[in-house]
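Scroll down for the structure; my scribbles are underneath it.
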Amino acid sequence: MKASLERLTERANDEDLLDVAYTTSDSPFGPLLLAATPRGLVKLGLPGHDPETVLEDLASRISPRVLEAPARLEQTRRELDLYFEGKLTEFALPLDWQLSRDFRRRALREIDRIPYGKTRSYTEIARGAGNERAVRAAGTACGANPIPIVVPCHRVLRSGGALGGYGGGLPMKEALLKLEGIL
């Protein structure tokens, strides 16, 4: 069965029929679901997010041609492992931004520019995305971030330094900030 699935994946890849490749990757917080299109990493599902629901969402929003293809995400897994080991401070992965639009996409691109070990406030993200008064929308962009950790929404804090929320839960946000020497 496994050999036939590998052949099917290889054939789909060779014939350019694979629109979304996915795999899972271990992390200190539990399994992550990684998904990529030919353009780059499109989704990172955090522990606690149902993988089947994530895959169904990708199939409906991007393409029904979703297939498990671990080899296509090997570089992503390697970089995440190095990050969690404290040996990587900047991801060099191509990203596919298609799951975000308009202000949310601009806010996420602004978040993507926050350097390792630094933080920004929701107000600073809103300003950088083009609308200083859209602080709640900046928070919503963080909450809807399809590529957390790599697009480091954990580095966005409330004005005054309070943590705010996080899709993986506050303990995960705290642990990521500690890993980066922020807390």
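The values are calculated or read from the model by the stated rules, or taken from the named source; none is laboratory data. Since we're looking at a predicted model, the values are computed, not measured. Cβ: placed from backbone, ideal geometry, glycine included. Neighbour counts: every protein chain shown.
Against the condition of a type outside the set (S, T, N, Q), under 19 Å from Leu41 (Cβ atoms) and modelled with pLDDT of 95 or more, how does Arg127 come out, does it pass?
no
Has region 114-134 got any residue that is in contact (Cβ under 8 Å) with a residue 12 or more places away in the chain, among the β-branched types (Val, Ile, Thr), in a helix (DSSP H, G or I) and over 12 Å from Arg158 (Cβ atoms)?
Checking region 114-134: not a single residue is in contact (Cβ under 8 Å) with a residue 12 or more places away in the chain, among the β-branched types (Val, Ile, Thr), in a helix (DSSP H, G or I) and over 12 Å from Arg158 (Cβ atoms).
Here are Leu41, Leu93, Leu73, Leu58: which of them is in a loop (DSSP other than H, G, I, E, B), surrounded by 14 or more Cβ atoms within 10 Å (Cβ to Cβ) and either touching a Gly at 6+ places or on another chain (Cβ under 8 Å) or not aromatic (Phe, Trp, Tyr) (or both)?
Criteria check complete, one pass: Leu93.
Those residues that are touching a residue at least 60 places away in the same chain (Cβ under 8 Å) and either closer than 14 Å to Gly168 by Cβ or touching a Ser or Thr at 6+ places or on another chain (Cβ under 9 Å) (or both), I need them from region 33-42; list them, please.
The answer is Ala36, Thr37, Leu41.
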